[in-house]
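The values are calculated or read from the model by the stated rules, or taken from the named source; none is laboratory data. These figures come from a predicted structure and were not determined experimentally. Here the Cβ positions follow ideal geometry from the backbone for every residue, glycine too, while neighbour counts run over all protein chains shown.
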Amino acid sequence: MKLSVAMCTYIGEKYIKEQLESILNQTLAIDEIIICDDGSNDKTIAILEQFQVEYPNKILLYKNQVNLGSTKNFEKAISICTGDFIFLSDQDDIWKVNKVEKVIQHFLAHPSTEAVFTNGDLMDDKNEKTKTNTLWDSVFFIESQLEKPINLFKLISSKRNMVTGATLCIKKETKDFILPFPDIKKYYHDEWIAIIIASRKKLDYLADELISYRIHSGQQIGGKNSVQNIITQKHLNLSNYVLGNEVPKSCQDFNQLSKTYFRHYLKFKKVSDNTKDKSPINFKEIAETNLELFKKCDETLKKANPLFYFFRNLTDKIRGKRQLN
């Protein structure tokens, strides 16, 4: 069994040393680290070349002649990896010492699984951890409060992606159907991988916090606990509605749900238009499913509270939002 890491770097001198050290110090050793640098002009390359001197048979560095952007750079890094399992890695996080071992144990215990993502704790640019929030909190994946098993495909296709690429590990055979990644603005490689493998019912997760995910200054999540609790409850409700665990009760619930479905209709219509027959799954069908769900929510809202529906639609029309024609 060979284990690879696909890492992308770009102007990462501040944190890359800590991240590489955390990968190299795993309880289950990584066999190769493929690093694709996207044109760093700081000390990143010098730091990486020093690691290469120390680990000549483990670290392979590729310097892009042109800037590919994160999605296409990860495509390149993954395509070069030769391991049976490929861990994706950002340049500025820190892996827990048993991350690789825990993930591989899960794969071995669940042979049909093709990809595994995990939770993580959050830290700032000074390595100080947040006291209340986890990585899953930041993407509103309230896993512990959802009925099991969770339909991950439904959540990704109709609510939001909860799979952070920095926690993801894939089997080598997935390269045959996840590559190449589409180059679509604001549609990233981790969601592409997640929805394709979830559609095959072979995406799984570990609730363990196996990385420290870095939130840089100005990107801090949360705020006052009361506000965070309200946001969390709203997204928990939305998840349950999408999954069919609960039925929306108020006009506000139906309104929020219809907005969510419409947003996903637009997103997957764009993906469908950009991938056409090149995608391993039918994104047009996903878009149309969300459109029908949007219409159903709107019809329910119209019957329940015509006045609310009228003014909501009038406001949307003025703002140019949720217009089908």
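Summary table
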quantity: Counted residues, the range 49-74 - those being touching a helix residue (DSSP H, G or I) at 6+ places or on another chain (Cβ under 7 Å), in a helix (DSSP H, G or I) and not hydroxyl-bearing (Ser, Thr, Tyr); calculated: 2
quantity: Answer from THR113, THR132, THR118 - the residue that is modelled with pLDDT under 95, under 30 Å from ASN240 (Cα atoms) and either within 22 Å of the chain's Cα centre (by Cα) or not in a helix (DSSP H, G or I) (or both); calculated: THR132
quantity: Where TYR15 falls short, out of the listed (1) touching a helix residue (DSSP H, G or I) at 6+ places or on another chain (Cβ under 9 Å); (2) hydroxyl-bearing (Ser, Thr, Tyr); (3) within 28 Å of LYS126 (Cβ to Cβ); calculated: (1)
quantity: Matching option when the condition is assigned by TED's automatic domain parsing to the domain that holds GLU18, touching a strand residue (DSSP E or B) at 6+ places or on another chain (Cβ under 6 Å) and either surrounded by fewer than 18 Cβ atoms within 10 Å (Cβ to Cβ) or acidic (Asp, Glu) (or both), among GLU209, GLU191, GLU173, GLU147; calculated: GLU209
quantity: Criterion (under 30 Å from ASP176 (Cβ atoms), surrounded by 15 or more Cβ atoms within 10 Å (Cβ to Cβ) and in contact with a helix residue (DSSP H, G or I) (Cβ under 6 Å, 6 or more places away or on another chain)) met by exactly one of LYS269, LYS302; calculated: LYS269
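Here is a yes/no grid of residues against (1) among the hydroxyl-bearing types (Ser, Thr, Tyr); (2) assigned to a helix (DSSP H, G or I):
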site	(1), (2)
ASP125	no, no
THR174	yes, yes
PRO180	no, no
ASP190	no, yes
